[in-house]
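Below is one structure, written out as structure tokens; the observations come after it.
The values are calculated or read from the model by the stated rules, or taken from the named source; none is laboratory data. These figures come from a predicted structure and were not determined experimentally. Don't worry about glycine lacking a Cβ; one is built from the backbone with ideal geometry, like all the others, and counts go over all protein chains shown. Remember, those area values only see protein heavy atoms, side chains included, never the ligands or the DNA or RNA. Shrake-Rupley method; radii C 1.70, N 1.55, O 1.52, S 1.80 Å.
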Amino acid sequence: MVRIRVLVVDDHRIFAESLAAALAAEPDVDVSAAGSGPAALRSLERAVAEGRRFDVLLVDADLGGKVPGTRPAVPVQEGNEDGLVDGISLVTGVRSAQPNVRIVVLAEKDDPRRAALALQAGASGWVAKDCSLSRLLTVIRGVLREETHLPPALLTGVLRELTAARKHRTESERLVESLTPREREVLRCMVAGLGRKAVAERLFLSPHTVRTHMQNVLGKLGVHSTLAAVALARRAGVGPVDLTGDVVERGGQLA
């Protein structure tokens, strides 16, 4: 019998343990539970090291008490022991690190906007926490067959949200394309969370020059803050500059 390895990630211990116990009663399911995003990541890494990868993650939409979409998603490795990695950020990080893992988001209530965010992050399903165990098992087995599962009542709203997101992404991409190569590199540094002094040191520029570039970036993007610029950049698919590698620019020239 092929067994399905499931990891329940929820910071409400009673719920997580109860759900894990219910799933464990199934003859083809092995299940573990984690109470935070960082704990889930450690479980995933440990499973890989031991040669027993998880197949499906069941992730609490309200993990860490944060509402996805109210702030930029943080890199999952920055989460702390209090579980302040939100559910959507965890989905993004896990899908990036272990793309074969299927993720189902468990939610207290149906919300088209948040369901759309979950799908964009890489989730394969959105399920209400008060659904039946048989329904949840159907979803778990379905996502392993590459199916996407949403409550029927959410379909129209989610499609509307995804269409709007594509429109915003196209507009964001057009604005980013208006930047010069130097301004684009400064924007990538901003996405990485670097301040003016750090950007100046990285690009071998004066702080005054960096300040000018940042002002130009904000102006061309039509925003009034670094946070808004970073959010727009992420919508356009602009990633952070690589902080682990060598400096990529020197003296105003691309290396």
Cα shape, the range 1-60, gyration tensor, a/c 1.5 rule: oblate
Counting pairs of alpha carbon atoms under 8 Å apart in space and at least six apart in sequence, what relative contact order in percent does the range 167-247 give? 45
Largest-first ranking of H224, H208, H213 by accessible area, probe 1.4 Å, whole protein assembly kept, is H224, H208, H213
Using unit Cβ charges (K, R positive; D, E negative) and no other charged atoms, how large, in debye to the nearest 20, is the dipole of the range 90-204 about its Cα centre? 160
Determine ³J(HN,Hα), in whole Hz, for all residues of the range 200-210 in sequence, where each value follows from phi through the Karplus function 6.51 cos²θ - 1.76 cosθ + 1.60 and θ = phi - 60°; x replaces Gly and Pro. 4, 5, 5, 9, 6, 10, 7, x, 5, 5, 5
Cα shape, the range 83-155, gyration tensor, a/c 1.5 rule: oblate
Using a probe of 1.4 angstrom, how much of the accessible area of the range 1-59 is carbon and sulfur, in percent? 53
